[in-house]
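Data first, discussion second: the structure below is written as C-alpha cells.
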Amino acid sequence: MAWSTSNRASRLPSDWPRIRLAVLRRDRRECQLRLPGCRRRATQVDHRKPGDDHSLENLQAVCSACHSLKSSREGNEARARLRAARRRPEERHPGWVTPPKGS
C-alpha cells in the first residue's frame, strides 16, 4: 500500500524519529533482511512482526530494496487470504448424508 493512501504514518508514535535513529544505530545501518538484490546499507526501519508494536525488539534496519520486497510479499499474502475468505464453500452432493455426531 502506498504511503499516499495509507494511515500508517498517523499510527507511528510521536517519537518515531528518535526510535528510527536508535534502530539504525543499533543495527549499524546494515540491512537485516539480506534478500536478493539487497543494497546492504539500511536507510529504513521495518517491523519484524506485522502490527503497531513499535518496540525496539520488533524493529529492524532494512535497505529500500529489501523493504520493498518484504512489503510486496506481505501485501500479496494478505490479498490471497482475503480472496480465500471470499471463496464460496464447495457445494456438497445433494444425496450426501452427514453422519450423526459420535458415529
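The values are calculated or read from the model by the stated rules, or taken from the named source; none is laboratory data. Here the structure is a predicted model, which is why all the values come from computation and not from measurement. Note that we place each Cβ from the backbone using ideal geometry, even for glycine, and neighbour counts take in every protein chain shown.
Side notes on the structure shown:
- Residue under evaluation ARG41, criteria (1) touching a Cys at 6+ places or on another chain (Cβ under 9 Å); (2) free of Cβ contacts under 8 Å to residues at least 12 places away in the same chain, criterion not met: (2)
- The residue list LYS101, LYS49 contains one member that is exposed (fewer than 10 other Cβ atoms within 10 Å of the Cβ) and under 22 Å from ALA9 (Cβ atoms), which is LYS49.
- Any hit, region 47-57, residues being in a strand (DSSP E or B), more than 22 Å from ASN76 (Cα to Cα) and modelled with pLDDT of 95 or more: no
- First in region 1-27 and modelled with pLDDT under 80, second anywhere and assigned to a helix (DSSP H, G or I) and surrounded by 10 or more Cβ atoms within 10 Å (Cβ to Cβ), Cβ under 7 Å, 6 or more apart: MET1/GLY75
- Within region 72-91, residues that are surrounded by 10 or more Cβ atoms within 10 Å (Cβ to Cβ) reach partners that are modelled with pLDDT under 95 with beta carbons closer than 7 Å, at six or more positions or on different chains, in the pairs GLU74/PRO50; GLY75/MET1.
- Considering residues of region 29-46 that are touching a helix residue (DSSP H, G or I) at 6+ places or on another chain (Cβ under 7 Å) and among the polar types (S, T, N, Q) only, the residue surrounded by the most Cβ atoms within 10 Å (Cβ to Cβ): GLN44
- Residue satisfying condition, being in a loop (DSSP other than H, G, I, E, B) and either within 26 Å of the chain's Cα centre (by Cα) or of a type in the set (Lys, Arg) (or both), within set LYS101, LYS70: LYS101
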